[in-house]
Amino acid sequence: MKKLSSLSIFFPLWNEEENVESVVSSAIAIAPKIAERYEVIVVDDGSSDSTRRLAEQIAEKNKNVRVISHQPNRGYGAALKEGFANSRFEYIVFMDGDRQFDFSEVTNFIPQIEHSDIVIGFRRRRRDQKLFKRLLLMNLLRAGDFVLFGFHFKDIDCGFKMFRKEAVEEISPLRSEGAMITTEILAKAKLKKLRIAQVGVAHYRREHGIQTGANFPVVVRAILESLTLWLDIKNKRF
């Protein structure tokens, strides 16, 4: 496999003190094998535990690792926007930092990015807590996105995606601060006629930390952001 010229890797984290060292270490181990130059960015979204401190300890020992922190917690979309804004290299990949994905599967994204602008993962078999509720929400999201934005993908909110930097610039600025950021990314990519590929990835049960994606406030925020995005696109305010 030919190496990428340069790669920015970032992890959005919130209260992941039991996971941060493992996910960052996996990226540090794999990145030199797939990219000539690389950086690893930890985006700490206002954690109240030791996530930031542990990430900074890693950064002190490795010049390729940087830590960016929000205070207070702002949301998943805010963390992704911060990661994109601080990514300096030609290719960008992000992965959720809850250890429900295996970063080594980034090698499956690289052949696809050669002829695509964005590569999005889809979970071949989901291992979520409260699986029925998560699947119900996922299918409602897919239906809503098809009705409002006219696109259909296997797994819209999978937290493992790769981009060309120019693709991120094409869809910027991004507005959503919460979970609807993934819909905004894909809706704007569709409008810009960007090439989008899909890659299956393994999904693992969360062993540490708390899963918040199906919480009522998160769902309500996502609905409101989705409607705002639809109005913005309809009125060409982006």
Item to check | Criterion: in contact with a helix residue (DSSP H, G or I) (Cβ under 7 Å, 6 or more places away or on another chain), among the aliphatic types (A, V, I, L, M), surrounded by fewer than 19 Cβ atoms within 10 Å (Cβ to Cβ) and modelled with pLDDT under 90 - qualifying residue of A179, A214, A202 | outcome: A214
Checklist entry - Out of the residues in the stretch 149-173 that are touching a Leu at 6+ places or on another chain (Cβ under 9 Å) and farther than 17 Å from R88 by Cα, which is surrounded by the most Cβ atoms within 10 Å (Cβ to Cβ)? => result D157
Next on the checklist: Which residue is surrounded by the most Cβ atoms within 10 Å (Cβ to Cβ), if the candidates are limited to the stretch 43-72 and must be touching a residue at least 40 places away in the same chain (Cβ under 8 Å) and out of contact with any Gly (no Cβ under 6 Å at 6 or more places or on another chain)?
Outcome noted: A55
Checklist entry - Would it be correct to say that S69 is among the small types (G, A, S) and either assigned to a loop (DSSP other than H, G, I, E, B) or more than 16 Å from the chain's Cα centre (by Cα) (or both)? => result yes
Item to check | In the stretch 226-238, the residues that are open to solvent by less than 40 Å² (accessible area, probe 1.4 Å) and either among the aromatic types (F, W, Y) or at pLDDT 75 or above (or both) | outcome: none
Item to check | Positions within the stretch 14-27 being of a type outside the set (G, A, S) and either open to solvent by 10 Å² or more (accessible area, probe 1.4 Å) or part of a helix (DSSP H, G or I) (or both), in sequence order | outcome: W14, N15, E16, E17, E18, V20, E21, V23, V24
Checklist outcome for this item: Here the qualifying pairs (Cβ atoms under 7 Å; residues six or more apart or on different chains; first in the stretch 170-197 and among the acidic types (D, E); second surrounded by fewer than 21 Cβ atoms within 10 Å (Cβ to Cβ) and assigned to a helix (DSSP H, G or I)) come out as E177/A78
Item to check | Single residue of the stretch 1-13 satisfying the filter (in contact with a helix residue (DSSP H, G or I) (Cβ under 7 Å, 6 or more places away or on another chain) and at pLDDT 95 or above) that is most open to solvent (accessible area, probe 1.4 Å) | outcome: K3
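The values are calculated or read from the model by the stated rules, or taken from the named source; none is laboratory data. A quick note: this is a predicted structure, and the numbers were derived from the prediction, not measured. For neighbour counting, all protein chains shown are included, and Cβ atoms are generated from backbone atoms with ideal geometry for every residue, glycine included. Quick note on the areas: whole protein, heavy atoms, side chains included, nothing else; ligands and nucleic acids left out. Shrake-Rupley method; radii C 1.70, N 1.55, O 1.52, S 1.80 Å.
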